[in-house]
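Peer 1: Dropping the structure in here first, questions after.
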Amino acid sequence: MSFVIGALKIIFLIGFLVFIHEGAHFLIAKKSGVKVLEFSLGFGKKIWSKKGEETEYFIRMIPLGGYVRMLGEEEDVEDERAFKNVSCWKRLAIVFAGPIINIFFGLLLFWVLASIYNKSPYAGLIVTKRYLVMLFQSIVGLVSGKARAGVVGPVGISSMIVNTSGWFDFFYLMAIISVSLGITNLLPIPGLDGGKIVLIIIEMIRRKKVSEDTELKLTALGMLLLLTIAVFVTMNDVGNLFK
Amino acid sequence: MKKENEKELLKLKRVFSPKYILTEKLAEVYLFFALLIGLCFATKRILYGILMILVLILIIFFKLVFEKRKSNQTVMKFYEDRVEFKGKMFLFKTEERSLKYEEIKDITFTQGATFFEKRFQKAFGYGNIYIYPKKGTYLTHGMQIELVEDIFSKVEQIKNVIGDKMI
């Protein structure tokens, strides 16, 4: 039973955070006039799909991820509604939307929980502000090399989710993971939203698009880097679980 | 004349690239297995957790073996008047098919179908070629060869070989 409840906790937490992340990309893309071809919740084989006016909505078998596929996101297309053909500012807004919603949602949830715990929305606000300052100091410390990060990967995270006791504990962890997910996604690594942001900023400075070939190679390189990090973090996580 | 028709003008092979298979497969299943392993350990099902790690290793191992075999068995040859294919169209049976150029309805190519396939095939320069027949269905008479190296140049070469023989 604990296994099933644990699995449901993971699916709900990860599924929801991915849903709001992709949902934000989707909404801002639509608002910016970009043609969205697919909006998918989960990976793998499709279990449900519905064709909208121009977007096909999917629910796929593995509910631990999702994606938005926009026209001209990866390839050059001659269509003014293609992702690559809209202005840099619109593209920045679309890419930023996902991580920002995760950070915003995490902080909002943190404030709600802190308000409940302290029985006052104002006290909740002070605790949230303190958390934000602490978070900012940690990031500055990491960037300047003065602090060391205790990196936890998916194995460690799923273990933490399963071990939460009670709804307060669960939603507190959800808030922390949501903020972390947003910040991690803003790292300037190709393949992550932060990597895309860097490429758009480079384009704004050069006033010239980064070639499709270069972008693809950088993305693959970034994914390779992320996979390598993932393997090491997983080994570390599994090692910690045995301790 | 017959001799001219037997001259092999272009040969396409399915590439076997452990680097591509490892990255694509690992990217596809990593998160699922990582979360599952965490779940097993957290609920004190240590053996299941270890089993999941083994399953992940086995999936990748079998994928490598399966892909190696598939690459060895798959070939598409273009002659003066026809294209011949040998390999697995779908999962099980190895088939040999031949189509004269005038029997071909369309030739298309893609670079991956899934999220990760698309990204990695483009990055590695691989692609998949599909040949649709005029008569019969794609399932019974069509041809497909996946993971062709240097896909854009290969598509150009096919165009040069076939020319205007596909009416």
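The values are calculated or read from the model by the stated rules, or taken from the named source; none is laboratory data. Keep in mind it's a predicted model, so treat the numbers as computed, not measured. Because the Cβ atoms are built from the backbone with ideal geometry, glycine has one as well, and the counts that use them run over all protein chains shown. Keep in mind that these areas ignore ligands, DNA and RNA; they rest on the heavy atoms of the full protein, side chains included. Shrake-Rupley method; radii C 1.70, N 1.55, O 1.52, S 1.80 Å.
Peer 1: Inside segment A:191-214, can you point out the residues that are touching a residue at least 24 places away in the same chain (Cβ under 8 Å) and open to solvent by less than 60 Å² (accessible area, probe 1.4 Å)?
Peer 2: A:GLY191, A:LEU192, A:ASP193, A:GLY194, A:GLY195, A:ILE197, A:ILE200, A:GLU203, A:MET204, A:GLU212
Peer 1: Which residue pairs have Cβ atoms under 9 Å apart, sit 6 or more places apart or on different chains, and have a first residue in segment B:41-61 that is more than 8 Å from chain A (Cβ to nearest Cβ) and more than 27 Å from B:PRO18 (Cβ to Cβ) and a second that is of a type in the set (Val, Ile, Thr) and open to solvent by less than 60 Å² (accessible area, probe 1.4 Å)?
Peer 2: Matching pairs, first to second residue: B:TYR48/B:ILE37.
Peer 1: Separate question: Going through A:SER159, A:SER165, A:SER144 one at a time, which residue ends up being within 14 Å of chain B (Cβ to nearest Cβ) and exposed (fewer than 13 other Cβ atoms within 10 Å of the Cβ)?
Peer 2: After ruling out the rest, the residue left standing is A:SER165.
Peer 1: Hey, can you tell me all the residues within segment B:122-140 that are out of contact with any Asp or Glu (no Cβ under 8 Å at 6 or more places or on another chain) and assigned to a helix (DSSP H, G or I)?
Peer 2: Within segment B:122-140, B:ALA123, B:PHE124, B:TYR138, B:LEU139, B:THR140 qualify.
Peer 1: Answer with yes or no whether A:GLU73 is open to solvent by 20 Å² or more (accessible area, probe 1.4 Å), away from chain B (no Cβ under 14 Å), of a type in the set (Asp, Glu) and part of a loop (DSSP other than H, G, I, E, B).
Peer 2: no
Peer 1: Mind telling me which of the residues A:ASN240, A:ASN236 ends up being at pLDDT below 85, within 11 Å of chain B (Cβ to nearest Cβ) and part of a helix (DSSP H, G or I)?
Peer 2: On the way: A:ASN236 fails: within 11 Å of chain B (Cβ to nearest Cβ).
The unique qualifying residue is A:ASN240.
Peer 1: When you scan segment B:115-132, do you find a residue that is more than 14 Å from chain A (Cβ to nearest Cβ), in contact (Cβ under 8 Å) with a residue 24 or more places away in the chain and over 12 Å from the mean Cα position of the chain (by Cα), even just one?
Peer 2: Checked against the condition, which is being more than 14 Å from chain A (Cβ to nearest Cβ), in contact (Cβ under 8 Å) with a residue 24 or more places away in the chain and over 12 Å from the mean Cα position of the chain (by Cα), segment B:115-132 yields at least one hit.
Each row is one residue, and each column tells you yes or no for (1) touching a helix residue (DSSP H, G or I) at 6+ places or on another chain (Cβ under 7 Å); (2) away from every other protein chain (no Cβ under 14 Å).
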{"site": "A:SER138", "(1), (2)": "no, yes"}
{"site": "A:GLY153", "(1), (2)": "yes, no"}
{"site": "A:ARG207", "(1), (2)": "no, yes"}
{"site": "A:ALA220", "(1), (2)": "yes, no"}
{"site": "A:LEU224", "(1), (2)": "yes, no"}
{"site": "A:LEU227", "(1), (2)": "yes, no"}
{"site": "A:VAL231", "(1), (2)": "no, no"}
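Peer 1: While we're looking at this one, here's another question. What do you reckon, is A:VAL36 under 20 Å from the mean Cα position of the chain (by Cα) and within 14 Å of another protein chain (Cβ to nearest Cβ)?
Peer 2: Working: under 20 Å from the mean Cα position of the chain (by Cα): yes; within 14 Å of another protein chain (Cβ to nearest Cβ): no.
No: the conditions fail for A:VAL36.
Peer 1: Next question. In the list A:LEU125, A:LEU109, which residue meets the criterion of being under 25 Å from A:ILE14 (Cβ atoms) and either open to solvent by less than 70 Å² (accessible area, probe 1.4 Å) or among the hydrophobic types (A, V, I, L, M, F, W, C) (or both)? Write out each step before concluding.
Peer 2: Numbers: A:LEU125 fails: under 25 Å from A:ILE14 (Cβ atoms).
Step by step, each of A:LEU125, A:LEU109 is checked, and only A:LEU109 is under 25 Å from A:ILE14 (Cβ atoms) and either open to solvent by less than 70 Å² (accessible area, probe 1.4 Å) or among the hydrophobic types (A, V, I, L, M, F, W, C) (or both).
Peer 1: Condition test on A:LYS217, is it farther than 23 Å from A:ILE101 by Cβ and assigned to a loop (DSSP other than H, G, I, E, B)? Talk me through it step by step, then tell me what you get.
Peer 2: Working: farther than 23 Å from A:ILE101 by Cβ: yes; assigned to a loop (DSSP other than H, G, I, E, B): no.
It is false that A:LYS217 is farther than 23 Å from A:ILE101 by Cβ and assigned to a loop (DSSP other than H, G, I, E, B).
Peer 1: Could we say that B:GLU80 is acidic (Asp, Glu), more than 14 Å from chain A (Cβ to nearest Cβ), under 14 Å from B:ILE21 (Cα atoms) and in contact (Cβ under 8 Å) with a residue 40 or more places away in the chain here?
Peer 2: For B:GLU80, the condition - acidic (Asp, Glu), more than 14 Å from chain A (Cβ to nearest Cβ), under 14 Å from B:ILE21 (Cα atoms) and in contact (Cβ under 8 Å) with a residue 40 or more places away in the chain - is not met.
Peer 1: Having 3 or more residues that are out of contact with any Leu (no Cβ under 8 Å at 6 or more places or on another chain) is the bar; report the helices (runs of 4 or more DSSP H) wholly within segment A:76-182 that clear it. Lay out the reasoning, then the answer.
Peer 2: Numbers: elements: A:88-118, A:121-144, A:154-162.
Output list reads A:88-118, A:121-144.
Peer 1: Same structure, new question: Can you tell me which residues in segment A:215-225 are small (Gly, Ala, Ser) and either at pLDDT 80 or above or open to solvent by 100 Å² or more (accessible area, probe 1.4 Å) (or both)?
Peer 2: A:GLY222
Peer 1: Here's something else I'd like to know. Could you check A:PHE83 against (1) more than 14 Å from chain B (Cβ to nearest Cβ); (2) touching a strand residue (DSSP E or B) at 6+ places or on another chain (Cβ under 6 Å); (3) open to solvent by 40 Å² or more (accessible area, probe 1.4 Å) and say which number it fails?
Peer 2: Going through (1) more than 14 Å from chain B (Cβ to nearest Cβ); (2) touching a strand residue (DSSP E or B) at 6+ places or on another chain (Cβ under 6 Å); (3) open to solvent by 40 Å² or more (accessible area, probe 1.4 Å) one by one, A:PHE83 breaks only (3).
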